[in-house]
Amino acid sequence: MGQWRLSIEGMSLTNSPMGSSFAFPGPQGARPATSWENKRWCQSLLWVPRLLFQRQCQRPSEREESTDCLCAAHSEGATQPPPEKRPMDTVRIAVVGAGVMGLSTAVCISKMVPGCSITVISDKFTPETTSDVAAGMLIPPTYPDTPIQKQKQWFKETFDHLFAIVNSAEAEDAGVILVSGWQIFQSIPTEEVPYWADVVLGFRKMTKDELKKFPQHVFGHAFTTLKCEGPAYLPWLQKRVKGNGGLILTRRIEDLWELHPSFDIVVNCSGLGSRQLAGDSKIFPVRGQVLKVQAPWVKHFIRDSSGLTYIYPGISNVTLGGTRQKGDWNLSPDAEISKEILSRCCALEPSLRGAYDLREKVGLRPTRPGVRLEKELLAQDSRRLPVVHHYGHGSGGIAMHWGTALEATRLVNECVQVLRTPAPKSKL
Amino acid sequence: MRVVVIGAGVIGLSTALCIHERYRSVLKSLDVMVYADRFTPLTTTDVAAGLWQPYLSEPSNPQEAILQFFCHTSTRISHRHWNQQTFNYLLSLIGSPNAANMGLAPVSGYNLFREAVPDPYWKDIVLGFRKLTLRELDMFPDYSYGWFNTSLILEGRKYLQWLTERLTERGVKFFLWKVESFEEVVREGADVIINCTGVWAGALQPDPLLQPGRGQIIKVDAPWLKHFVITHDPERGIYKSPYIIPGLQAITLGGIFQLGNWSETSNIPDHNTIWEGCCRLEPTLKDAKIIGEWSGFRPVRPQVRLEREQLRFGSSNTEALCCLLLLSRFSCVRLCATQWMAAHQAPPSLRFSRQEHWSGLPFSSPMHESEK
């Protein structure tokens, strides 16, 4: 039987999908809800404002840590826990945002940070996140504010992680595929070999014969890389979050303080939402419109080096793009733009004139001069809330997600260590 | 001038189109007809995966080509030349909006070996040929060496449909007719016969060198696979090692080659061989939906038979052009149409002087004199 604790905290009321969306993993895997949980009065309690239902999922099996119980921090207002042992040293972590950053960070934390409970909280889930619109090609952008070595590390870690998936039987479930193709230039670039050339597979310059296919272009790269598709990858990550004992909660957070004191650490993966949630004026949308079409004969990607025109064949459709409209928040597709995208792509790949079942999609890339990957200790009166920010990947979300999630997890671990270190005044 | 093409597979239809395209404008009386007992989707071409990839080495001695007849033309035309011409022709069509309608698309992929092998003679014909890196080889634990290149898919069924449309537009007529002898075709008024009967050519004229190389394939729906993967096992022999070839919609799985086996029905042991071999190579295939299973006969011959023969029936003289594009033991020519060669052969029959039409090809033919 697992251990769990009920606490009543400050929260606004939302129609939250309690019973059915909770799994209750026990030591031997999922177990059905107990009669206690099913009782009506339990459910009616759930409608009381400022209620949070918590459960410890992971027991620190290897180490019995006898540090101060964290319930002392918020015993005020806590109700009677059920008649099991009091939880030990559980650090309650809230991950805000359920796009590729939120979910991958949740998975990393659940694997690498022992003794914590994870709840992913978001107003939007797949297939309605920005990550669902992204084509998911592993061709990284360059962040001006981040050292190249760091970007290369993030990209390599992401590539290696997805490469292991693509070589397994789970590749199709996880939405990860191998795809070869060309990046083409209308003029010879100053940097002929990009920093990520040895991360992708088989990177080389295009031959003259290959370039004949693109008469407007004079130079190109040929390589094999990965494509990771949100609509399959996000559910796959969600399964892993739940399988590791994490919870998923649909709720719109208007202020990070709503999570205090129910949670000990907040991981902010809210993308553009950080403008409000973190008061970050540096983040802005770069609107991208794409067409997802049927053209199954297209087996290669083609990308113009400007990044504005691309053809990315995926599992069940081909993504044609795109646009880069800074500061544009409009999520509705523009028919003129769609026509123009199709025309640019047909110029590179004439057979696309036969594409059918065209669907327009819009995503707002959460853009910043650099990814925000840092700790912040929020303070208000006597309240303290450690936050780890992990957002702002712009057009490189999928390409960098695992590397930055690993780094965010290291930061979370640092916060956990701080929380677990006994405060000096409690020692006599 | 009636030209009858016997056979409606890739060789028959592409030869018919080539002849019509080249000679219709100069020979107003040209009438091209196609006789066949099988049309798409029932031809051998329909079963082929459609990947352009010859076998690893050329026929050791092209001079061994059997040309016992009057014409000595094709002795110096090697398979390499035909392969290259075909590839270049198809590649030139890649930029056209109709490519996919023809069944044509570029495709890249892997050739895998258990030990190092010399580069194939076609390495400069395909695009971007290179050896595999160690990280790429990590994807295929049973293999330690390999190549990567970009080639072309020409899907048999789509291509035959496209050729049929083009021929129909040009007024070429098709006849469902099981031809029992050249004589009956001549009696119908044929002046030139192009024999593209493939593996069944022996029924029209005995050819002990011709045998069926039976293949069985499974077509699956696995749209996440974008590359071909062809494994090679020199001990087992050509095509007996698993291969995965994406088509325009479906993926072809194969790995069967049985010389002399005329069974056209698919069988379970071969299914299991293909399925196990391919799933080992690509574990995600376990999620693939099987669309269907087919068997076909690669028309195997030591050399392609491409030659002219003069037939005499009663008082009429008819040229028969044997245009059998065949898979030889030494060269794997999956879908390399020799329509160009057939058309080049045609001029003497159509009474044009060689000088006008051969343009540089090193032919010589005793027929030349008799044409005048």
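What follows draws every value from the coordinates through simple rules; no lab data is involved. The structure presented is a predicted model; accordingly, all values stated were derived computationally and were not measured. Virtual Cβ from ideal backbone geometry, glycine too; neighbours counted across all protein chains shown.
Summing +1 for each Lys or Arg and -1 for each Asp or Glu, what net charge is found among the other residues whose Cβ lies under 13 Å from the Cβ of A:Thr146?
Here the count lands on +1.
When we measure straight from the Cα of A:Lys111, which lysines land under 22 angstrom away, once same-chain ones fewer than 8 places off are left out?
A:Lys156, A:Lys239, A:Lys242, A:Lys375
Give me the distance in nm between label points sitting 7 Å out from Cα along the Cα-to-Cβ direction at A:Tyr356 and B:Val117, one decimal.
Distance between the two pseudo-spin positions: 3.9 nm.
Quick one: A:Trp329, B:Trp52, fewest Cβ neighbours within 10 Å first, how do they rank?
Final ranking by Cβ density, sparse to dense: A:Trp329, B:Trp52.
Report the calculated FRET efficiency for B:Ser96 and B:Asp37 (r = Cβ-Cβ distance, R0 = 56 Å), to the nearest 0.05.
Rounded to the nearest 0.05, the efficiency is 0.95.
Whole angstrom only: what separates the Cα centroid of the stretch A:216-286 from the Cα centroid of the stretch B:106-166?
Each part's Cα centre sits 38 Å from the other's.
R0 = 45 Å: FRET efficiency of B:Lys131 with A:Gln380, Cβ-based, nearest 0.05?
Using R0 = 45 Å, I get an efficiency of 0.15.
Evaluate peptide B:216-226: per residue, the Cβ atoms of other protein chains within 10 Å of its Cβ; return the mean as an integer.
Mean number of neighbouring Cβ atoms from other chains: 4.
Points 7 angstrom from Cα along the Cβ direction at A:Lys339 and A:Thr421: gap in nanometres?
With each label placed 7 Å out from Cα toward Cβ, I get 6.4 nm.
At 7 Å along Cα-to-Cβ for each site, give me the label-to-label distance between B:Trp177 and B:Tyr145 in nm.
Taking the two extended label points, one gets 5.3 nm.
Arranged from highest to lowest average of other beta-carbon atoms within 10 Å per residue, in what order do the peptides A:212-223, B:129-140, A:286-297 appear?
Sorting A:212-223, B:129-140, A:286-297 by mean packing, highest first, produces A:286-297, A:212-223, B:129-140.
Can you tell me the length gained on complete extension of the stretch A:Lys239 to A:Glu254, counting 0.36 nm per residue apart and subtracting the Cα distance?
2.8 nm
Please say if the stretch B:93-204 is rounded, prolate or oblate, where rounded means a/c under 1.5 for a ≥ b ≥ c the square roots of the C-alpha gyration tensor eigenvalues, and otherwise the choice is prolate for a/b larger than b/c and oblate otherwise?
prolate
In this model, which of B:Lys131/B:Lys158; A:Lys152/A:Lys205; B:Lys240/B:Lys286 are farther than 27 Å apart at the alpha-carbon?
B:Lys131/B:Lys158
What does the charge add up to near A:Asp198, with Lys and Arg as +1, Asp and Glu as -1, over the other residues with Cβ less than 10 Å from its Cβ?
+3
Over the whole of A:199-208, what's the average partner chain Cβ count within 10 Å per residue? Rounded to a whole number, please.
3
If amide H atoms are built 1.01 Å from N in the plane of the peptide, which residues on other chains or at least 5 residues away come under 5 Å of the amide H of B:Phe313?
Here the answer is B:Thr318, since their amide H atoms fall under 5 Å of that of B:Phe313.
Roughly how far apart, in whole Å, are the Cα centres of the stretch A:298-366 and the stretch A:170-188?
Using only Cα atoms, the two centres lie 15 Å from each other.
Please find the FRET efficiency linking A:Asn330 to B:Trp262, where r is the Cβ-Cβ separation and R0 is fixed at 45 Å, and quote it to the nearest 0.05.
It comes out at approximately 0.10.
How high is the relative contact order of the stretch A:319-371? Use alpha-carbon pairs under 8 Å, at least six apart in sequence, and give a whole percent.
Once divided by the residue count of the stretch A:319-371, the mean separation gives 45 percent.
Would you work out the relative contact order for the stretch B:92-241, in percent, from Cα pairs under 8 angstrom that are 6 or more residues apart?
Averaging sequence separation for qualifying contacts and normalising by length gives 30 percent for the stretch B:92-241.
Could you please report the charge total around B:Pro212, scoring K, R as +1 and D, E as -1 over all other residues with beta-carbon less than 13 angstrom from its beta-carbon?
Result for the neighbourhood of B:Pro212: +1.
Just subtract the alpha-carbon distance of A:Glu128 and A:Val218 from 0.36 nm times their residue separation and send over the number in nm, one decimal.
Here the answer is 28.5 nm.
For peptide B:94-107, what's the mean number of Cβ atoms from other chains within 10 Å of each residue's Cβ?
Counting Cβ atoms of other protein chains within 10 Å of each residue's Cβ and averaging gives 5.
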